[in-house]
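> This is the structure, below, for whatever I ask next.
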Amino acid sequence: MRFSALLLGFFLWHSTSFAQRVHMPDLFQCLSTSADKFDACMFREGFVCYKSSGGLNGWTCLFAYQPTPYIQDPSQSLALIQYDRNSRSDILTYQVQSKEQYETLRAELIKLGYQIDPVTTDRQLFTSAKAANTIVTCQPVWSGNGMSGNYTGYLFTLTHRRY
């Protein structure tokens, strides 16, 4: 019995669903968080900062979620988050592997009052009357928009413009 519980725990730790505990409200909260608090929050959620840079023009950091500490390559990550902050806008890009997680996040976005822009392109654009300065785009990942060699999955880009 104890072995079964241990095996189940090990499976949950290594499954993709374990990484999928980031929800759309969390992403919106992260969008307005300072760099130091964002970094601490990502670490608590199991994300590792792979690349960080900052200067006069802004700050950017790439975080990757790994199921185990043995996988060190961001191209094999289950989820990636890139956060860019500059004088005009905050941009949070979240890349997930699972279509299930993609659909869940899209549904959460609609529950938060965001509507799909009727003009269709290669990506879906979500806007909200309550948060006019924030837009969200959703699209499949391909070699032209994937992060750190990770070219599969789905991409959410939250952009908050400071006017």
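> Suppose we filter 101, 29 for residues that are part of a helix (DSSP H, G or I), surrounded by 17 or more Cβ atoms within 10 Å (Cβ to Cβ), modelled with pLDDT of 65 or more and among the polar types (S, T, N, Q); which single one remains?
Numbers: 29 fails: surrounded by 17 or more Cβ atoms within 10 Å (Cβ to Cβ).
The unique qualifying residue is 101.
> Looking at residue 109 and the list (1) over 25 Å from residue 32 (Cβ atoms); (2) buried (at least 17 other Cβ atoms within 10 Å of the Cβ); (3) hydrophobic (A, V, I, L, M, F, W, C), which single condition is not satisfied?
Evaluating residue 109 over (1) over 25 Å from residue 32 (Cβ atoms); (2) buried (at least 17 other Cβ atoms within 10 Å of the Cβ); (3) hydrophobic (A, V, I, L, M, F, W, C) leaves (1) as the failure.
> Scan the range 104-140 for residues that are among the aliphatic types (A, V, I, L, M) and in a helix (DSSP H, G or I) and jot them down.
Taking the range 104-140 first, the residues among the aliphatic types (A, V, I, L, M) are 105, 107, 109-110, 112, 116, 119, 125, 129, 131-132, 135-136.
Within the range 104-140, 105, 107, 109, 110 meet the criteria.
> Quick check on residue 56: is it exposed (fewer than 12 other Cβ atoms within 10 Å of the Cβ), modelled with pLDDT under 75 and farther than 22 Å from residue 162 by Cβ? If you could, list the steps in order and put the result at the bottom.
Details: exposed (fewer than 12 other Cβ atoms within 10 Å of the Cβ): yes; modelled with pLDDT under 75: yes; farther than 22 Å from residue 162 by Cβ: no.
So residue 56 fails the test.
> Do we have any residue at all in the range 120-127 that's under 11 Å from the mean Cα position of the chain (by Cα) and farther than 19 Å from residue 30 by Cβ?
To start, the set of residues in the range 120-127 that are under 11 Å from the mean Cα position of the chain (by Cα) comprises none.
Checked the range 120-127: no residue is under 11 Å from the mean Cα position of the chain (by Cα) and farther than 19 Å from residue 30 by Cβ.
> Is it true that some residue in the range 9-20 is modelled with pLDDT of 70 or more and within 30 Å of residue 132 (Cα to Cα)?
no
The values are calculated or read from the model by the stated rules, or taken from the named source; none is laboratory data. Worth saying up front: this structure is predicted, and the values here are computed from it rather than measured. For neighbour counting, all protein chains shown are included, and Cβ atoms are generated from backbone atoms with ideal geometry for every residue, glycine included.
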